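Novice: Before anything else, here's the structure in question.
Nothing in this text is a laboratory measurement; each read-out follows from the coordinates by a stated rule. Here the structure is a predicted model, which is why all the values come from computation and not from measurement. Reconstructed Cβ throughout: ideal geometry from the backbone, glycine too, with neighbour counts over all protein chains shown.
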Amino acid sequence: YVNSDYTYNPNPYYIQCPGPFPSDNTKTYVISVNYNSGSVTLPVTLVSFTGHYQSGLGVQLQWTTSSEYNSNYFAVERSSDGVQFQNIGEVPAQGNSQTTHSYGFTDASVLKHAGTTFYYRLREVDLDGKSTYSQVIAIQIPGFNELVLWPNPNNGSFNLQLPVSDNQPVELRIVNSSGAVVQRLKTSDAYVQLQLPNAASGLYFVQVRYPDGTVKTLKMLVVK
């Protein structure tokens, strides 16, 4: 809107909203009136919506609101083509607030999709079921060019991101602090989930041996 001055008249009840307003249907105007006081309340104001990829964790989304009225929750939606979106999680909203609030959401499922671009948007849902959408942001998931282990520390169950190419198998060895090999396997997958059998608490070494003889090692702490 160009002019944000509102005129309230108690009898009869009406609000005068000076224009002009755009006629191309690109904006939505929502006004709520408290008939006891005649006060005007604006809807949820989204200040920012950003995201980035963090190695070993996934896509980290952050957003901030400066005010909220009648807000119920934020639905986080994701798309692989920027057209068809699906709900991947929900974050409770503040309900009613006139102060700044920050929110966050982690999409760890993208760790299985190296070299892919994903599109994200927020759907803010009110207590009355009405909803509005944020802008769409695009985030590029990098290729598998580094060895990543998460979570660390863990309870013996963990994930590995492996920099593999041309389906060349690599050998994985899990070695305890005494030098004994507690698990060994070969894989050509870029993402694997592992569970150490009867793992005791302590320090372990995750060794990856490539066909050319190169060995990469990560330290891992198991806590039971």
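Novice: Can you list the HN-Hα couplings for segment 46-58, worked out from phi with the Karplus curve (6.51, -1.76, 1.60; θ = phi - 60°), rounded to whole Hz and with x for Gly and Pro?
Specialist: Couplings: 8, 7, 8, 8, 9, x, 7, 8, 10, 4, x, 10, x Hz.
Novice: Under 26 Å between alpha carbons, and skipping anything fewer than 8 positions from residue 112 in its own chain: which lysines qualify?
Specialist: Within the straight-line limit of under 26 Å, residue 112 reaches these lysines: 186, 216, 219.
Novice: On to the next question. Once Rh for segment 178-224 is found with the Kirkwood sum over Cα pairs, what is the Stokes-Einstein diffusion coefficient at 25 °C and 0.890 mPa s, in µm²/s?
Specialist: Result for D is 200 µm²/s.
Novice: Let me ask another. Between beta-carbons, use under 14 Å as the cut-off and find the net charge around residue 130, counting Lys and Arg +1, Asp and Glu -1.
Specialist: Charge balance near residue 130 sits at -3.
Novice: Under 15 Å from the Cβ of residue 76, count the other residues' Cβ atoms, weight Lys and Arg +1, Asp and Glu -1, and hand me the total.
Specialist: Once positives and negatives cancel, what remains is -1.
Novice: By the scheme Lys and Arg +1, Asp and Glu -1, what is the net charge of all other residues having a beta-carbon under 12 Å from that of residue 149?
Specialist: Charge balance in the 12 Å sphere: +1.
Novice: Please enumerate, by chain and number, the lysines with C-alpha under 21 Å from the C-alpha of residue 130, excluding those fewer than 8 residues away in the same chain.
Specialist: By straight Cα distance, residue 130 reaches 27.
Novice: Under the classification rounded if a/c is under 1.5, otherwise prolate if a/b is larger than b/c and oblate if not, where does segment 49-116 fall, given a ≥ b ≥ c as square roots of the Cα gyration tensor eigenvalues?
Specialist: The shape class here is prolate.
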